[in-house]
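Working notes for the structure below.
The values are calculated or read from the model by the stated rules, or taken from the named source; none is laboratory data. What you see is a predicted model, and the numbers here were worked out from it, not measured in a lab. With ideal geometry, Cβ positions are generated from the backbone for all residues, glycine too; neighbour counts draw on all protein chains shown.
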Amino acid sequence: MIHILGNNMKKKKLLFILVFLLGLSTIALAQNEVTWKFSIEDKGNGEIQLVADATIKRGWHLYDTNIPDGGPYPTSLTIDEIVGATPTGAFHAEGKEAVVSYDKVFEMNIGTFDNSAKFVQAFKVTDKKAFKLTGDVRAQACDDKSCTPPLPVDFTFSSSNLPTTVAQVTTESSSVVAAPLAASVTPLAIDTLSAEEQAPVISGDIDKNLLWKPVIEELKSFGAEGTTANKSLLWIFVMGFLGGLVALVTPCVWPMIPMTISFFLKKSKTNKKKAVSQASMYGLAIIVIYVVLGLAITLIFGASAMNKLATSAFFNLLFFALLVVFAISFFGGFEMVLPSSWTNKMDQKADDTSGLISIFFMAFTLVLVSFSCTGPIIGTLLVEAATTSSILAPTIGMLGFALALAIPFTLFAIFPAWLQNLPKSGGWLNTVKVVLGFLELALAFKFLSVADLAYGWGILDREVFVSIWVVIFALLGLYLIGKLKFPGDSDLKHVSVTRLFLSIISFAFAIYLIPGLWGAPLKSISAFAPPMYTQDFNLYDGSVHAKYLDYESGMTYAKQVGKPVLIDFSGYGCVNCRKMEASVWTDPRVKDMLDNDYILITLMVDDKTKLPEIIEVEENGKITKLKTIGDKWSYLQRHKFGANAQPYYIALDNEGNPISSSYAYDENVDLYLDFLQSGLNNYKK
């Protein structure tokens, strides 16, 4: 028998949490292995030079600016704003030369720097008084065991930072660098195909402005849009309802049942009609409180802001940390409760007041007391709802959650005698806590994966994710049969039938995941696991890969080869996108059409890779700045197609006009085949 997290652990719980969060911050701020210093030098004749000096920690190396395709992330410069100057030449290393050697991992010759490196970018000054330069440098450093993510290091210079000796060579007007709307941008975040598999880049005559022309009215001519927004909202509601059912058996909610019974027995002991009325108001109050919470979050942040928040590195790393901390709490590492003064005051208000006000305070007490356990469920629900970009989604999700929670409590308030038939709190409740702890821990890595994918860090590939889940569910199986023991667990004299069957399910699920280490689709977890293209070792050849990750390049190539285009608006944090790819795209008939009849272009709307130049567009009477590749593709979807949810599929001809209705999330393979065939038929016409 293995005993985990003994009593002495509780004495060190705060130290443990601090160490854990410190470790997490180390992940987020991994670029401390390299420190940067930026300066401006006068090169004469009106030319200046931006100098980026890198000091590299001993044992680490930094990559050169010129790296072959398929290699590590090169050291690169991004200019966000430039006024009063124009860049000349390329960003490059100066001074000592890079040490070029053969890298066994990438199987190519790569230039690296040790100890220090100097990178420069030249500019011609056109207006000294108005001069302004902002941007960032991204670089990846590695040692023998690990690599840092290429996070941006920002710099800002103004006219006061220019050397006094700088001469002005021309009086050309200066302005913020802004690329035209249809500027061709090569995505840098990921390569879904190997160098041999990728479609060639074709140059040719194509009207890029025509490609960006809105076609919302043309889409309407095909009839009802093939969207499944209603089904998505229904799915959010079902998720919320199931989350509410799970919350009912959590250790924070269960003790509220006798408190509810006691409260309503004191309110009305004889009048059954009044008891039913008060209990109904109690349930309605629970629903209102939770729904108002969801609506408030939506109104404060907005649907699109919640979507961006759901894919930000900070938010996902924070949520990853919170879920791990919740899991440790459920394992018995420490107790996590709201301040007793809060709940005591609310409970006192419920006793001191009368009528509807007291019922409302009782419902609010339930929400406060249960938050320690329902918080992770609610938070997860709101994050998943945010990916739909629907303003109703968080509210609908909270409605489902509150309904599942309110119905049993309403019934208990109506029929207090039911309390006698409920099992008493005890060892079984601690078992529920531990099982939830394992599930919280597994779910935590979903959020770490979203941040990893959106920023291209590459620290949680698919096989690493699957390996972690295999271990978690194997340990859960061992716990259920009594081979692991946590604080608060009762002595297990025998394995009950319930625990036996649950352990069988857990072990079977762990075994089911193992083939995923070699590329098996694992459709049941496709919504959680990283995409197939992150798999380093893949024996499965049934997945579909996009031929292009850039809209204009893909459209140009499609025109050259005479094929229609299928645009796939997707996202790294899009759960339904992964489901479609695993359950629909892997069908042999769908795969054949996507590979042979269409040019598939996947556009990631949450790709955080910065654009070479900021794009300014007017949207709803306001100027919107598109700074990342994801910003550009999200604007394309809104501007051209009038949609903002993912997944979103649209078939186009070679001028960017729709050739069928659009299609969103629906895992019916036959419907998807009809959608593809309809586009092909119209293209041939």
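Is at least one residue of the stretch 563-582 at pLDDT 85 or above, part of a loop (DSSP other than H, G, I, E, B) and either aromatic (F, W, Y) or assigned by TED's automatic domain parsing to the domain that holds Y648 (or both)?
Yes, the stretch 563-582 contains at least one residue that is at pLDDT 85 or above, part of a loop (DSSP other than H, G, I, E, B) and either aromatic (F, W, Y) or assigned by TED's automatic domain parsing to the domain that holds Y648 (or both).
Within the stretch 627-682, count every residue that is among the hydrophobic types (A, V, I, L, M, F, W, C) and modelled with pLDDT under 85.
Count: 3.
Cβ-Cβ below 9 Å, separation at least six or inter-chain, first residue in the stretch 644-666 and under 14 Å from C577 (Cα atoms), second in a loop (DSSP other than H, G, I, E, B) and of a type in the set (D, E, K, R): which pairs?
Going by the 9 Å Cβ cut-off, the qualifying pairs are Q646/D606; Y663/E225; A664/E225.
Kindly indicate whether Y649 is in contact with a Pro (Cβ under 8 Å, 6 or more places away or on another chain), buried (at least 21 other Cβ atoms within 10 Å of the Cβ) and among the aromatic types (F, W, Y).
no
Identify, please: which residue in the stretch 511-536 is of a type in the set (A, V, I, L, M) and at pLDDT 75 or above and is, among those, farthest from the chain's Cα centre (by Cα)?
Checking each candidate, the answer is I511.
Restricting to the stretch 655-670, count the residues that are part of a loop (DSSP other than H, G, I, E, B), touching a Ser or Thr at 6+ places or on another chain (Cβ under 9 Å) and not acidic (D, E).
Result for the stretch 655-670: 6.
The conditions are (1) surrounded by fewer than 22 Cβ atoms within 10 Å (Cβ to Cβ); (2) more than 23 Å from I79 (Cβ to Cβ); (3) touching a Lys or Arg at 6+ places or on another chain (Cβ under 9 Å); (4) not hydrophobic (A, V, I, L, M, F, W, C), and E616 fails exactly one of them. Which is it?
If we test E616 against (1) surrounded by fewer than 22 Cβ atoms within 10 Å (Cβ to Cβ); (2) more than 23 Å from I79 (Cβ to Cβ); (3) touching a Lys or Arg at 6+ places or on another chain (Cβ under 9 Å); (4) not hydrophobic (A, V, I, L, M, F, W, C), just (2) comes out false.
Filtering the stretch 457-492 down to residues that are of a type in the set (F, W, Y) and part of a helix (DSSP H, G or I), which residue is farthest from A444 (Cα to Cα)?
Restricting to residues being of a type in the set (F, W, Y) and part of a helix (DSSP H, G or I), the top hit is Y479.
Could you please tell me which pairs satisfy a Cβ distance under 6 Å, a separation of 6+ or placement on different chains, a first residue in the stretch 92-110 that is of a type in the set (F, W, Y), and a second residue that is at pLDDT below 85 and outside any strand (DSSP E or B)?
What qualifies is F106/G71.
Of these, L594, L600, L673, L636, which one is part of a helix (DSSP H, G or I), touching a strand residue (DSSP E or B) at 6+ places or on another chain (Cβ under 9 Å) and within 21 Å of P521 (Cβ to Cβ)?
On inspection, the qualifying residue turns out to be L594.
Residue-wise test of (1) of a type outside the set (D, E); (2) in contact with an Asp or Glu (Cβ under 8 Å, 6 or more places away or on another chain); (3) on the phi < 0 side of the Ramachandran plot.
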{"position": "D42", "(1), (2), (3)": "no, no, yes"}
{"position": "H61", "(1), (2), (3)": "yes, yes, yes"}
{"position": "G89", "(1), (2), (3)": "yes, no, no"}
{"position": "A93", "(1), (2), (3)": "yes, yes, yes"}
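Here are R638, R589, R578: which of them is in contact (Cβ under 8 Å) with a residue 12 or more places away in the chain and more than 22 Å from the chain's Cα centre (by Cα)?
When all the criteria are applied, what remains is R589.
Please find, among S116, S174, S101, S160, the residue that is modelled with pLDDT under 70 and of a type outside the set (K, R).
S174
Given (1) over 30 Å from P87 (Cα atoms); (2) out of contact with any helix residue (DSSP H, G or I) (no Cβ under 6 Å at 6 or more places or on another chain); (3) among the polar types (S, T, N, Q), where does T628 come up short, assuming only one miss?
(1)
Within the stretch 645-667, track down each residue that is of a type in the set (S, T, N, Q) and closer than 14 Å to L600 by Cα.
Result: N654, single match.
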